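Contents: one structure, followed by commentary.
The values are calculated or read from the model by the stated rules, or taken from the named source; none is laboratory data. Bear in mind that the values here come from a model prediction, so they are computed numbers and not experimental data. Virtual Cβ from ideal backbone geometry, glycine too; neighbours counted across all protein chains shown.
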Amino acid sequence: MRQLASKWLKTKALLHHPYTAVFIPETCLYSEEQLRMMLGRHTFVFIKPVKGGGGSGVMRVAKERRGYTCTRMEKTYRFDHFKALVDGINRLRIQRPYLIQQGIQLASIQGRPVDYRVKVAKKGDKWVFRAVVARHARPGLVITNLCKGGTQLKGTEALRMIYSQRLATRKRREIADLTRRCIPVLERRFPGIGQLGFDYGLDQTGRVWILEVNTRPQ
Ligand SMILES: Nc1ncnc2c1ncn2[C@@H]1O[C@H](COP(=O)(O)OP(=O)(O)OP(=O)(O)O)[C@@H](O)[C@H]1O
Ligand SMILES: [Mg+2]
């Protein structure tokens, strides 16, 4: 079955299509110049390996009132100016390509961010939906990955804890519709894919964002 490690290729496929592009946070390949530009446009960004997994190497970089911060796992590093930030990131980064993505202020439960994983698999010529699960970050972390101590909840349960019954139902439908919309776009671009895992973030206003798509979802 076809698998695709590059987050950048999958993101570009969805960006290519106006129907799905609006759900993708602004994303570009990492460089010092792009980081400067992205931090000019967004109060915080996520930096992640193009071929990553399990939240490893993921950093949250924020513009503060004075200087910048970079959070990786439970550590937050402070920097007075941009050049120091870049040096700091370069020390944390290993020599492989990274992406910069607009940070989404994820809706949270007990102050810990929540996101959603929707798995679909192809059975014959039909795509079938598997469970929607929510992942709740371990205290102190900015990533929700289960292998980094995140807790799994039922998707409907998490939505219900964050929103009213009506809004929760609407959001669940929105996530399902968006998934149905993304599948043909990805399948056309990457024929042969047999399963997909969509990571969705809902921000504090309830807007749905696609954080990433996995071709080998756990
Ligand atoms: N743009 C973003 N805004 C807010 N949070 C983000 C953003 N991108 C990633 N995150 C958080 O970081 C976590 C890890 O990021 P991501 O899913 O992109 O990489 P990964 O988990 O390493 O890859 P995989 O899901 O293939 O294991 C997400 O589950 C989410 O909690
Ligand atoms: Mg992920």
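All of Thr169, Thr156 fail the test of being without any contact (Cβ under 8 Å) to a residue 24 or more places away in the chain and either buried (at least 18 other Cβ atoms within 10 Å of the Cβ) or away from ligand 2 (no atom under 16 Å from the Cβ) (or both), apart from Thr169. Quick one: in the stretch 201-218, which of the residues that are assigned to a strand (DSSP E or B) and within 10 Å of Leu106 (Cβ to Cβ) is farthest from ligand 2 (Cβ to nearest atom)? Filtering first and then ranking leaves Asp203.
Taking the conditions (1) closer than 29 Å to Lys171 by Cα; (2) away from ligand 2 (no atom under 16 Å from the Cβ); (3) outside the structural domain of Ala176 (by TED's automatic domain parsing) in turn, Gly124 satisfies each one other than (3).
Inspect the stretch 188-198 for any residue being within 16 Å of ligand 2 (Cβ to nearest atom) and assigned to a loop (DSSP other than H, G, I, E, B) and give the result as yes or no. Checked against the condition, which is being within 16 Å of ligand 2 (Cβ to nearest atom) and assigned to a loop (DSSP other than H, G, I, E, B), the stretch 188-198 yields no hits at all.
If you check Arg188, Arg172, which single one turns out to be more than 13 Å from ligand 1 (Cβ to nearest atom), touching a strand residue (DSSP E or B) at 6+ places or on another chain (Cβ under 8 Å) and over 25 Å from Ile47 (Cβ atoms)? Give the derivation first.
Details: Arg188 fails: touching a strand residue (DSSP E or B) at 6+ places or on another chain (Cβ under 8 Å).
Result of the check over Arg188, Arg172: Arg172.
At least 1 residues being within 11 Å of ligand 1 (Cβ to nearest atom) and under 14 Å from the mean Cα position of the chain (by Cα) is the threshold, and among the helices (runs of 4 or more DSSP H) wholly inside the stretch 1-80 those reaching it are 7-16.
Only a single criterion out of (1) loosely packed, with under 15 Cβ neighbours inside 10 Å; (2) out of contact with any His (no Cβ under 7 Å at 6 or more places or on another chain); (3) more than 18 Å from Pro139 (Cα to Cα) is not satisfied by Gly52, namely (1). Can Gly88 be described as small (Gly, Ala, Ser), more than 15 Å from ligand 2 (Cβ to nearest atom) and either buried (at least 19 other Cβ atoms within 10 Å of the Cβ) or not in a loop (DSSP other than H, G, I, E, B) (or both)? Yes: the conditions hold for Gly88.
Scoring Thr43 on the criteria (1) within 16 Å of ligand 2 (Cβ to nearest atom); (2) at negative phi; (3) touching a strand residue (DSSP E or B) at 6+ places or on another chain (Cβ under 7 Å) leaves a single failure, condition (1). What are the residues in the stretch 163-183 that are within 20 Å of the chain's Cα centre (by Cα) and farther than 18 Å from Ala131 by Cβ, if any? Arg181, the sole residue that qualifies.
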